[in-house]
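A short write-up of the structure that comes next.
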Amino acid sequence: MCLFYLISFLLFHPNYCAIKKYTNYTLYRGVPVNKSHLNFFNSLSEMFDVNFWTPPGSLYKPIDFVLAPGDKKAFLKMAEEYDVYLSTLIADVQRAFDMQRVKSYIRRNLGSFDWNDFYRINDIYNWLKDLKDKYPEFVKVESIGTTYEKRPILAVHVTLPGSKLRSKVIVEGGIHAREWIGPCFVTYMLQQILDSPKSNNSNLKDIALTYEWFFVPVLNPDGYEYTHTNNRLWRKNRNNEYGVDLNRNFDHAFGTVGVSFSHYEDTYCGAKAFSEKETIAMSHFVRNHSKHLEYYLAFHSYGQAMILPYANTRAHMENFDTVAAMAKQAADHIALRYNTRYVYGTAYDTVGYVTSGVSGCWVKETFSVPYVLTFELPDRGQYGFALPNEKITPTCIETMDGVLSLLKPRTKIYDKLRHEHRGLDDGQRTKFLDKLVILFNVCLFVIVRFD
């Protein structure tokens, strides 16, 4: 009887265990130079089995998309009729995915986790737990919530000696399942902070001791694991078979622009803001650590961009100019390493479209966090989500150069905390000693005079 129900379930729910392959699927790039071209690209999903890697936005902004082999002939004929500029980036997407090597982590062997390979969610989590065991005095690992598939969402809290009274940095990764390089960098940054006391990089040492650190390497563990087992291009969480785009589900201008209300679309924002377990968990986590929160950094791919709030508008608001100047310096530092070039600005400035419900925008507006940036890590489309293993370490190294540049500025809040932590400054200390000497002399006079 149980076997009968199992077979019936699989027959009527074929997507439950289906493995999506992209053999002979092609990654194309189109560049719209007029409104007719833009309308053509916007209507593609109505006509063909298409998966956008970078969606249509504004004129002259590249649009990357994967097309099924059965649709190629009709698509190319239509593209020729519209006279659109088109190029092939990856002829066989599945072959590119097959080149991405996934490695297993060996428990209690921290050296078996590196940044030459990708890892599945349980391996990342086991590595985090082993880090906690190695550094029990300043590493804490906690679950901030549970997903629909009953996985914990793990966060790491690092307080190196001398950093407890400092301002805070929250680092988010893996909100979009298919963007594998995001968790790679967040784990790399975590390791760099932990290794900083023995590092020869004095800048890293100073910055590591300056802040209290919070890392969420994989905010979407269900979706991330699903990209390893069922569909490499899955983007959303795993709330039923459709899922929700978690980075369109935060309560900032929710549902107003750049989202879909269709369950089938990659940018489906959900029924309401914070409808998802993952976004609820992250919102509570940020709120609990919002006091003296100075930086919120989120890591995505791809595009080589640093995106500043707010994503739902073209306007440059609040302290945009200050953060843009910081982003320029960070971009310069990144380029010095391997000549990787980043752009910076709002979502419209950088990727050519506006959107809503973004995590960083909600954090900045809700808690007035001064420095909020979303990184779109490499590359610019040569590999896209199929970034090969040999690119992992260089990407992490150069990105760390940029992040360290960003973390140099100090807010007034930090300055106040710094003085509280250090105690009296030199001028105050001198005045205190002067008063102590005067008090001593007065006491001595009283003793001698009235003895």
(message) Quick check: Cα centre of segment 226-259 to Cα centre of segment 322-355, how many Å?
(response) 25 Å
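Tell me which GluC sites (Glu not before Pro) from segment 121-216 have a DSSP coil assignment and no more than 15 other beta carbons within 10 Å of their own. Write down the numbers at each step before the final one.
Values: sites: 137, 142, 149, 172, 179, 212; in loops: 137, 149, 179.
Taking segment 121-216 and a limit of 15 other Cβ atoms within 10 Å, the loop GluC sites (Glu not before Pro) found are 137, 149.
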(message) Quick check on segment 20-98: take the gyration tensor over C-alpha atoms, sort the square-rooted eigenvalues as a ≥ b ≥ c, and tell me if it's rounded (a/c under 1.5), prolate or oblate.
(response) prolate
(request) Round to the nearest 10 and give me the degree value, 0 to 90, for the angle of helix 412-422's Cα axis relative to the longest principal axis of the chain. (result) 50 degrees
(message) Please report the antiparallel percentage of the DSSP beta bridges confined to segment 146-265, to the nearest 5.
(response) 45 percent
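Kindly provide the helix-only [θ] at 222 nm of the chain, computed as the sum of -39,500 (n - 2.57) over DSSP H runs of four or more divided by all residues, to the nearest 500 deg cm²/dmol?
Numbers: 16 runs with 182 residues, N = 451.
That calculation yields -12500 deg cm²/dmol at 222 nm.
Under Stokes-Einstein, with the Kirkwood radius over Cα pairs standing in for Rh, what whole-number D in µm²/s applies to segment 148-245 at 37 °C and 0.692 mPa s?
Values: Rh = 14.7 Å.
Estimated via Stokes-Einstein, D reaches 224 µm²/s.
Using packing as a proxy for protection, rank 25-32, 198-205 so that the peptide with the highest average count of other Cβ atoms within 10 Å comes first.
25-32, 198-205
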(request) Select from segment 204-253 those chymotrypsin sites (Phe, Trp or Tyr not before Pro) which occupy a DSSP coil region and have at most 14 other Cβ atoms within 10 Å, ordered by residue number. (result) 242
(message) With the cut-off at 21 Å, tell me which of the pairs 20/236; 198/391; 61/408 have Cα atoms farther apart than that.
(response) 198/391; 61/408
(request) Note the angle between two axes, namely the Cα long axis of helix 320-338 and the longest principal axis of the Cα atoms of the chain, as a number of degrees from 0 to 90, rounded to the nearest 10. (result) 70 degrees
(request) Select one label from (1) 26; (2) 12; (3) 21: the one whose number is percent of Cα pairs over 42 Å apart as derived from the coordinates shown. (result) (3)
(message) Between helix 72-82 and the chain, what is the angle of the helix's C-alpha long axis to the longest principal axis, kept within 0 to 90° and rounded to the nearest 10?
(response) 80 degrees
(request) Give the distance, in whole Å, between the Cα centre of segment 199-221 and the Cα centre of segment 64-90. (result) 44 Å
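The numbers here are math on the coordinates, done by the rules we state, and not lab data. Remember, it's a predicted structure, so these values are computed and weren't measured experimentally. Cβ coordinates were reconstructed from backbone atoms using ideal geometry, including for glycine residues, and neighbour counts include every protein chain displayed.
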